[in-house]
């Protein structure tokens, strides 16, 4: 079927940190390794260098603009790029780029795939209409069953349901392999995080947003009787007001010697490897939550609330623990139980976790399914037209 070298254009707002961005980089690399030509259009960011290293062509445009008055000019610029590159399929990874680019599909006579990485919450008509653009492609990728359900709750149409394919985000099993992480990296991260020896380590790694559950975790930790040290990686990137709220809460609950804030790290693999538990206490359901898979790939025990994407990656008691959603007491109970596990039980859980991630949530599997959908979508579009 691949008679020519198909050219795929992925379009997203920017290329800084985040799951969407990492997915684009990973899929781009897989495209180049499998005989496709990879084009990415974004406003730029520090991950552009990774794209260029894997052979992808990047065009910098203001496709992150949410101003409809600017869209026609940007759309014309995108059109010139897509025509120049003779693109066979467009993959739109966010709403603003979708509004800008979608009208070009019929003009250029190419199929479109959209990705949905966010929950469609119940909202007003204007917001719902803005979200609806991600249902207009020839195919829709939902990054979890939770997101698929969210799409269908907002847009309960059989024609939309038929277009959805669930492709879970994946973990690079080479990057998140404890055998590939040199001791020097672990020592360096231990110094950066200022960890004490012989005390269990609890890690939360998230961007500085209250919905990620920082306050809930701090309250839960105040109920844990065992000795521990907890590092909130990413909290140190927050505003002074954000950090002050957390610090005041930590002091109020007398956890100053046990809980600390840290900036995000450029070696999350080594940081996670230092942890005994990795907690994702998001108070609203995560669309997916790749940090859980990364922890599991490294043989660590993840703990999350029993909602959202976490329910698709954690089997309670087998490869992690699920607490009653937003119940601090339940979260504290799961943390306490995990800390009390014997070495043999922890090892069994670690091995099972690695097995599940390797089978169902690998980076290679995600890329393989995505590229297969690209080829299927191109073939079906050509057959229909």
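The values are calculated or read from the model by the stated rules, or taken from the named source; none is laboratory data. Worth saying up front: this structure is predicted, and the values here are computed from it rather than measured. Neighbour counts are summed over all protein chains in view; Cβ atoms, including those assigned to glycine, are modelled from backbone coordinates with ideal geometry.
Criterion first (more than 17 Å from the chain's Cα centre (by Cα) and more than 15 Å from residue 204 (Cβ to Cβ)) does residue 326 satisfy it? Here the answer is yes, as residue 326 does meet what is asked. Checked against (1) farther than 30 Å from residue 266 by Cα; (2) in a loop (DSSP other than H, G, I, E, B); (3) touching a helix residue (DSSP H, G or I) at 6+ places or on another chain (Cβ under 8 Å), residue 152 meets all criteria but (2).
Scanning segment 65-95 for residues that are buried (at least 18 other Cβ atoms within 10 Å of the Cβ) and closer than 20 Å to residue 127 by Cβ, we see that the one that is farthest from the chain's Cα centre (by Cα) is 71. Exactly one residue among 295, 271, 304 is within 29 Å of residue 190 (Cβ to Cβ), in contact with a helix residue (DSSP H, G or I) (Cβ under 7 Å, 6 or more places away or on another chain) and not in a helix (DSSP H, G or I), and that residue is 304.
Of the residues making up segment 13-32, not a single one is modelled with pLDDT of 90 or more, outside any helix (DSSP H, G or I) and within 29 Å of residue 383 (Cβ to Cβ).
So, restricting to helices (runs of 4 or more DSSP H) that lie completely within segment 158-262, which ones have at least 3 residues that are surrounded by fewer than 15 Cβ atoms within 10 Å (Cβ to Cβ)? Because the criterion is at least 3 residues that are surrounded by fewer than 15 Cβ atoms within 10 Å (Cβ to Cβ), the helices (runs of 4 or more DSSP H) in segment 158-262 that meet it are 158-163, 183-193, 240-252.
Inside segment 126-144, residues that are closer than 15 Å to residue 156 by Cα and part of a helix (DSSP H, G or I) make up a count of 7. For segment 90-110, the set of residues classified as assigned to a helix (DSSP H, G or I), closer than 14 Å to residue 138 by Cβ and either modelled with pLDDT of 95 or more or touching a strand residue (DSSP E or B) at 6+ places or on another chain (Cβ under 9 Å) (or both) consists of 98, 101, 104, 105, 108, listed by residue number.
Conditions (1) surrounded by 18 or more Cβ atoms within 10 Å (Cβ to Cβ); (2) touching a helix residue (DSSP H, G or I) at 6+ places or on another chain (Cβ under 9 Å), marked per residue:
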position: 315; (1), (2): no, yes
position: 322; (1), (2): yes, yes
position: 353; (1), (2): yes, yes
position: 361; (1), (2): yes, yes
position: 366; (1), (2): yes, yes
position: 370; (1), (2): yes, yes
position: 376; (1), (2): no, no
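Here residue 328 passes the criteria (1) out of contact with any strand residue (DSSP E or B) (no Cβ under 6 Å at 6 or more places or on another chain); (2) closer than 21 Å to residue 258 by Cβ; (3) surrounded by 24 or more Cβ atoms within 10 Å (Cβ to Cβ) except the one numbered (3).
Against the test of being closer than 27 Å to residue 356 by Cα and assigned by TED's automatic domain parsing to the domain that holds residue 306, the options 217, 253 yield a single qualifying residue, 217.
Taking the condition under 29 Å from residue 288 (Cα atoms) and more than 23 Å from the chain's Cα centre (by Cα), does residue 15 pass? In short, no.
So, residue 147, is that one in contact with a helix residue (DSSP H, G or I) (Cβ under 6 Å, 6 or more places away or on another chain), closer than 20 Å to residue 133 by Cβ, in a helix (DSSP H, G or I) and not assigned by TED's automatic domain parsing to the domain that holds residue 273 or not?
Against the criterion (in contact with a helix residue (DSSP H, G or I) (Cβ under 6 Å, 6 or more places away or on another chain), closer than 20 Å to residue 133 by Cβ, in a helix (DSSP H, G or I) and not assigned by TED's automatic domain parsing to the domain that holds residue 273), residue 147 does not qualify.
Looking at this structure, is residue 331 part of a strand (DSSP E or B) and under 20 Å from residue 286 (Cα atoms)? For residue 331, the condition - part of a strand (DSSP E or B) and under 20 Å from residue 286 (Cα atoms) - is not met.
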